[in-house]
Amino acid sequence: MPATELQFSFSTISAATDNFSEANKLGEGGFGFVYKGTLSDGQEIAVNRLSKNSGQGEQEFKNEVTLVAKLQHRNLVRLLGFCIDGEEKLLIYEFMPNASLDQVLFDPNKCTLLDWERRYKIIGGIARGLLYLHEESRLKIIHRDLKASNILLDIDMNPKIADFGMSRLFVLDQTQANTSEVVGTYGYMAPEYAMRGQFSVKTDVFSFGVLVIEILSGQKNSSYESDVSQDLLSHAWRHWKNGSAIELLDSTIKDTSSRDEAMRCIHIGLLCVQENVADRPTMPAVLLMLNSYSVTLDLPWAPALFAGSTSRGITQIVSISRQTEEQGISKDKSPDESAA
C-alpha cells in the first residue's frame, strides 16, 4: 500500500472540517485534537490533528502510517490515511457515530443503552482487538493508553480500539521493555509502568482489567471514591472478598439473568489487575476464559491499587493530579509506543 494512496491534501481536510472549527471538535486526547469531517463524496471522517512534537521526519512518518494502515480488524478503528503540510501532521480515521465508550458508560442517561448483552459484547470485542495487536497482527503493538475514551462505538455499539498505532508514529527514547517517557492515563496505568517505565503486553492487560471493572460497575476508576474505598479496584476487591461481588454491578444491569456470566467477568477483571505481572493472564488466556466455562479461573490476589498493596511507592500513582486524568500523563506530553 504506497503512502501516496493514503495521503490527503491539507486543503481537502481543512474543507472537510470547516477549517478545524470548534463546532466540529470531537475531543482532545494525549496526541492532539480530534475533529469530525465530511469529505466531498459525503464520507464522514475523524481527523486527529497531532501535536507538533513528534521526533519523526516526513518520510519516516509516511512509512509508519503505511504500516499501521495495514492493521485491519473489526475491533480496531480503521486508519484511512494521513496528511503532512509543513509542521501539520494529520491522521484520518473512519468516523464512529456513537462516540467513545466513556461518553455512554459514565452518562447517567445514556448508560441505560448498555444492557448486559451489550456490555458483555463490548468486553469481548476489546479483548479480541487487543489480542490482534499483541499476537496476530504483522506488527506487535502494545497500546499503553487503553481507556474508555479510546474505545469508540460504531452504529451497532460494537467497540473499536482507537489510537492503537501511536507507537509506530512517535518514536522516543525507549527500548522494547523500558521507556523514559511514561505515557498513560491516571487510573489505568499498571504500577510497573507508572513507577519504572517497564511495559509489556501485560501493561495492556492491566488496563483491560480496569476497563472490565468500569464496564461492569458503570463507575470510573480515576474518580471513584467512597467512605471505604478510594478507588474502584479497591471497591471491587472488597466486594469480592466479602462474597458480595454482584453488588459491584451497575444498577441498570443488576437484574440480569446472566449473573454467572457477570460474576465470571468480575473474576477475570480482578485477575487482569494483579500487582505481580506474572500473575496476570495474557490476552489469549483472557479470550479463552471469556468464551469457555470449562476453564478453571485462578483465585485473584489484591489488585495493584488496593490500599493494602505491598508495592512500595504505589502512592506515586494515586497521588497524580486528577485534573490530568483525561489528558494522558507524560513527562513531556509526547506520546510514544512500543517497538515492533
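Read-outs: derived from the displayed coordinates by stated rules, not from any lab. Since the structure is predicted, the reported quantities are computational estimates derived from the model, not experimental observations. Please note: Cβ atoms are built from the backbone with ideal geometry, for glycine as well, and neighbour counts cover all protein chains shown.
The amide H of Thr38, built 1.01 Å from its N in the peptide plane, has Thr17, Ile45 as neighbours under 5 Å, considering only residues 5 or more places off or on other chains. Taking Lys and Arg as +1 and Asp and Glu as -1, the other residues whose beta-carbon sits under 11 Å from that of Leu153 total +1.
Sort 277-287, 147-157, 10-20, 205-215 by the packing proxy (mean of other Cβ within 10 Å over each peptide's residues), most packed first.
Going from most to least packed, we get 205-215, 147-157, 277-287, 10-20.
Each 5 Å bin from zero up to the one holding the largest Cα-Cα distance in the stretch 122-164 carries the following percent of pairs: 5, 24, 33, 24, 11, 2. Computed extension length for Asn291-Lys241: 15.5 nm, one decimal, from 0.36 nm per residue of separation with the Cα-Cα distance subtracted. Compactness ratio for the stretch 194-276: Cα radius of gyration over 2.2 N^0.38 Å (N = residue count) comes to 1.11.
Along its principal axes, the stretch 1-127 has C-alpha extents of 46, 31, 31 angstrom, given from the largest down. Taking one quarter of the surface of the convex hull spanned by the alpha-carbon atoms of the stretch 58-170 gives a direction-averaged projected area of 7.4 nm².
Using the Cα atoms as the points, what is the convex hull volume per residue of the stretch 9-77 in Å³?
Numbers: hull volume 8.6 nm³, N = 69.
In the stretch 9-77, the Cα convex hull volume per residue is 125 Å³.
In summary, the lysines within cross-link reach of Lys25, defined as a Cα separation below 24 angstrom excluding same-chain residues under 8 places away, comprise Lys36, Lys52, Lys89, Lys110, Lys147, Lys160, Lys220, Lys333.
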